[in-house]
Structure formats: C-alpha cells, structure tokens
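S.K.: This is the structure I have questions about; it appears just below.
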Amino acid sequence: MNLFKELTWKTVLPFIGIALPVLALDWVSKWLIQLHIPHGFGYPVIPGFFNLRHDRNSGAAFGVLAGQRTFLILVTFVAFVFIFIYFLKFRNSRWMQIASGFLLGGAIGNFIDRIRSGQVVDFLQFGIESQGLFWPTFNVADVSVCIGAGMLIVYLFRNRHRHDANL
C-alpha cells in the first residue's frame, strides 16, 4: 500500500493550514510574553481567575520529566512520526487532516523551545486565587496538542467499528 497515494493539495492544505498558523501564534505569543513579562512574574487578566504569567518548564506536561531534554526531544521525534502516520492513514478525513494539523503545530512549537533553550515558555494560568488553586501554566502549543488529541480520540471512538481491523 502506497501511503502517499492520493496526497493532493485538498488533503494537505487543511493539515498545513492549521499547523502553520498554530505555530505562528505560539511563537508570537511566547515572544511577546518574554519581551513584556519578566520570568516568574504575571499580570492578572481576570483577577482571581486568569493570569498571564511568564514561566519556564524544562519537562513535559505538569513538569513531568523535568530536565530530561534529550529524552523529550527523542519523544517529540517519535510523536512527529505518529502524527504523519495518522495523517497519511486517515488523509481522506477532513476531521483528521485538521486534528493532525493541531498536533503538528503544537508539537513543533514546543519542540523549537526545547531545542533552542531546553525549556518551554508557558504563560497561560487559570485558577482560583482565593483558594490558592492554580492549574499549571501552559501555552498555545499545549492547547493545540490537546485539541488535536481530543479530535483524534473522538474520531477513533466514533469510527472504532469501521477501523478495528486496520488499527
């Protein structure tokens, strides 16, 4: 089976058309945060609930594997392979073209940070300040990966009977 068969602009454009704007928005937002908010400081946007806070994360989600730069870079390469495999396998599904684009854009965004500085710039912070409860800070790339992963899960769940033999 030739995985590249039927690759056309119609199938590739939504994939790239999501990944590139996500990557651009992630890069610009991280650049602006680093330019205007000192590391470790934040500014309330919705007081008591949402802050822009300049943090750095040398690990994966929630700081897991902090300081494991080389391992996280290798994991990201594996993720790239899986993203492209899923894109190629389900290239005729507009839903999966878009999901793959979100996954790719987010993965590249954090990958660039990790290569450049060994840390990912995070800046979106939600919580209930009066209770001292905050979700760990995150960024546009993280949101994009979550959207793409959610879309992938929905697709696979909704089509599980159709693809059981192929997965």
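S.K.: What does the convex hull of the Cα atoms come to per residue for the chain, in Å³?
M.R.: Considering the Cα atoms of the chain, their hull volume per residue is 139 Å³.
S.K.: Can you check what the net charge comes to around residue 100, using other residues whose Cβ is under 12 Å from the Cβ of residue 100 (Lys, Arg +1; Asp, Glu -1)?
M.R.: +3
S.K.: Using only the alpha-carbon atoms of segment 65-136 as identical scatterers, what base-10 log of I(q)/I(0) does the Debye formula give at q = 0.15, 0.19 Å⁻¹?
M.R.: -0.67, -0.85
S.K.: What is the Cα centroid distance between segment 79-117 and segment 5-29, reported in whole angstrom?
M.R.: Rounded to whole Å, the Cα centres lie 9 Å apart.
S.K.: With a sphere of radius 13 Å drawn around the Cβ of residue 75, what net charge do the other residues whose Cβ falls strictly inside it have (Lys, Arg +1; Asp, Glu -1)?
M.R.: +2
S.K.: Residue by residue, what Karplus-based ³J(HN,Hα) values in Hz, rounded to whole numbers, does segment 27-35 have, using 6.51, -1.76 and 1.60 with θ = phi - 60° and x for Gly and Pro?
M.R.: So the Karplus estimates, Gly and Pro as x, are 5, 5, 5, 5, 4, 5, 4, 5, 6 Hz.
S.K.: Taking all protein chains as present, what is the carbon and sulfur share of the accessible area of the chain, in % to the nearest whole number, probe 1.4 Å?
M.R.: Looking at the chain in its full context, I get 70 percent from C and S.
S.K.: Solvent-accessible area per residue for the chain at a 1.4 Å probe radius, Å²? Let's see the in-between values first.
M.R.: On the way: 9990 Å² over 167 residues.
Dividing the accessible area of the chain by its residue count gives 60 Å².
S.K.: From the phi of every residue in segment 40-51, what ³J(HN,Hα) in whole Hz does the Karplus formula 6.51 cos²θ - 1.76 cosθ + 1.60 yield, where θ is phi - 60° and glycine or proline is x?
M.R.: Per residue, the Karplus-derived 3J(HN,Hα) values read x, 10, x, 10, x, 9, 10, x, x, 9, 9, 10 Hz.
S.K.: Something else now. Placing unit charges on C-beta atoms (Lys and Arg positive, Asp and Glu negative, everything else neutral), compute the dipole magnitude of the chain about its Cα centre in debye, rounded to 20.
M.R.: Details: 14 positive and 8 negative charges, 118 e Å.
Once rounded to the nearest 20, the dipole reads 560 debye.
S.K.: Counting helices only, and only those DSSP H runs with n ≥ 4, report the 222 nm mean residue ellipticity of the chain as the sum of -39,500 (n - 2.57) divided by its residues, in deg cm²/dmol to the nearest 500.
M.R.: Values: 5 runs with 96 residues, N = 167.
The helix contribution divided over the chain gives -19500 deg cm²/dmol.
S.K.: Also: ³J(HN,Hα) across segment 88-100 via Karplus (A = 6.51, B = -1.76, C = 1.60, θ = phi - 60°), whole Hz, x for Gly/Pro?
M.R.: Rounded to whole hertz, the list is 5, 5, 10, 4, 8, 9, 4, 4, 6, 4, 5, 4, 5.
S.K.: Positive end of the dipole of the chain, charges at C-beta (+1 Lys, Arg; -1 Asp, Glu), about the Cα centre: which of 70, 37, 152 has its Cα farthest in that direction?
M.R.: 152
The values are calculated or read from the model by the stated rules, or taken from the named source; none is laboratory data. This one's a predicted model, so the numbers in the text were calculated from it and none came from an experiment. Backbone-built Cβ (ideal geometry, glycine too); neighbour counts: all protein chains shown. Heads up: the accessible areas ignore ligands, DNA and RNA and are worked out on the full protein's heavy atoms, side chains in. Shrake-Rupley method; radii C 1.70, N 1.55, O 1.52, S 1.80 Å.
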